[in-house]
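Novice: This is the structure I have questions about; it appears just below.
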Amino acid sequence: MSPVPYWSRRGAVALLAVWLLAAQGLGPSEIPRTKPLPVAVDVSSVSFDAAVEAGEALPRLRSLLVSWQDELVVEHYFHGARAGRPSNIKSVSKSVISALVGIAIDRGLIDGVQAPIGPFFEDLLAQESDARKKEITIEDLLTMRAGLETTSNRNYGRWVYSSNWVRFALHQPLQSPPGWRMTYSTGNTHLLSAILTTASGKSTLQFARAALAEPLGIELAPWSQDPQGIYFGGNDMVMTPRQMLAFGKLYLHGGRDNGAQIVPRAWIDTSWVPRTRSRFSNRLYGYGWWIRELAGRRVYYAWGFGGQFIFVVPEIDMVVVTTSSDAPGRERRGHLGAVYDLVESHVIEPAAWAMGLHVPGDAERAAAPEEEVP
């Protein structure tokens, strides 16, 4: 009997994956609104003092910024932090890389999310015995479903101390078929940075400055590079909290700023469609963005190690930014839960109440799953 062609196998796997996602309530047609219906509210009448007080009690918290209906209602820095001091935004960088991929696709530099990565890495993949690696797609990388053994967690040190990060990531064994399940790996977004470098003919830093930072009116400082000079894709970008807020507001406003379309609106919509789930935290994931509910509202968020967050809450027209110490410590995981609680109970909930929206009670909250690492 003739072997089943790879593309047929991949199609069957994709159909099964769609069925599983549908069973989990992740239909591909679920396109979220990026702008809420207007609700008249005097934002100055709502106090967020409790949020600042809760933040003061968190020794690792460094900043809390809240933009509500385009008004900066909270900007507070904790434990010696200052407004102009850049922070390592850690894996929040993955959401920035996703935006750059969307811009590159819109400009025709990349054929689309279904484009295979093989043509970008012909030399490195030429000797690979597993031909499936050549058919990993841009979407597979964006959604952490490349199927490759992770370069994060237990493998992170070996990866970043290797002589060629791209080669190391590509030569990881396939643990599952591409497009099948989520395996969180910063190697995926670093491959996207390498693809952006090839497709644009510029470094990722140059492309990000020209396509995103300058139109948004912010400065983007250089960050770390791999041994071949490719800017780290998915980690170690540095931004001030206000710059993080500007990026979050760009997504809230459908990719527009000062009348200019910087990130395609359609890209933001499709980035926020749930594509998969973390096997550890049970949280939903799209194109470089996490998805969950807080205070009964659908929240899209960029999440970086240690407590770096950009929360976008379209239903109440809000963006929340936090930065935190990323130093190791026993209290680190407890800190994440405390940040979620602060944002839910002392920021989103009072805003939702002021807008006349339902806020779930204690019983509904108790039914929600615990947050864990990716």
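The values are calculated or read from the model by the stated rules, or taken from the named source; none is laboratory data. No experiment lies behind these values; they were computed from the predicted model shown. Here the Cβ is made from the backbone with ideal geometry for all residues, glycine too, and neighbour counts use every protein chain on show.
Novice: If you check every pair at least six apart or on different chains, which have Cβ atoms under 8 Å apart with a residue in segment 345-374 that is in the same structural domain as Val73 (by TED's automatic domain parsing) first and a residue that is at pLDDT below 85 and in a helix (DSSP H, G or I) second?
Specialist: Between residues of segment 345-374 that are in the same structural domain as Val73 (by TED's automatic domain parsing) and residues that are at pLDDT below 85 and in a helix (DSSP H, G or I), there is no close pair.
Novice: Quick one: in segment 40-87, of everything that is of a type outside the set (A, V, I, L, M, F, W, C), in a loop (DSSP other than H, G, I, E, B) and touching a His at 6+ places or on another chain (Cβ under 7 Å), which residue is surrounded by the fewest Cβ atoms within 10 Å (Cβ to Cβ)?
Specialist: Pro59
Residue-wise test of (1) crowded, with 16+ Cβ neighbours inside 10 Å; (2) part of a loop (DSSP other than H, G, I, E, B).
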| site | (1), (2) |
| --- | --- |
| Gly157 | no, no |
| Val166 | yes, no |
| Gln172 | yes, yes |
| Pro178 | yes, yes |
| Tyr184 | yes, yes |
| His190 | yes, no |
| Gln206 | no, no |
| Ile218 | yes, yes |
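Novice: Could you list, in sequence order, all residues of segment 243-260 that are within 10 Å of Gly217 (Cβ to Cβ) and either touching a strand residue (DSSP E or B) at 6+ places or on another chain (Cβ under 6 Å) or among the polar types (S, T, N, Q) (or both)?
Specialist: Once the filter is applied, which keeps residues that are within 10 Å of Gly217 (Cβ to Cβ) and either touching a strand residue (DSSP E or B) at 6+ places or on another chain (Cβ under 6 Å) or among the polar types (S, T, N, Q) (or both), segment 243-260 yields Gln243, Asn258.
Novice: On the basis of being modelled with pLDDT of 95 or more, outside any helix (DSSP H, G or I) and over 19 Å from Met239 (Cα atoms), does Arg330 make the cut?
Specialist: Criteria not met by Arg330.
Novice: Something else now. Applying the selection to segment 51-76, what residues are touching a helix residue (DSSP H, G or I) at 6+ places or on another chain (Cβ under 6 Å) and on the phi > 0 side of the Ramachandran plot?
Specialist: Within segment 51-76, just Gln69 meets the criteria.
One line per residue, one yes/no per condition, for (1) of a type in the set (A, V, I, L, M, F, W, C); (2) in contact with a Lys or Arg (Cβ under 9 Å, 6 or more places away or on another chain):
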position	(1), (2)
Ile218	yes, yes
Ile230	yes, no
Met237	yes, yes
Gly255	no, yes
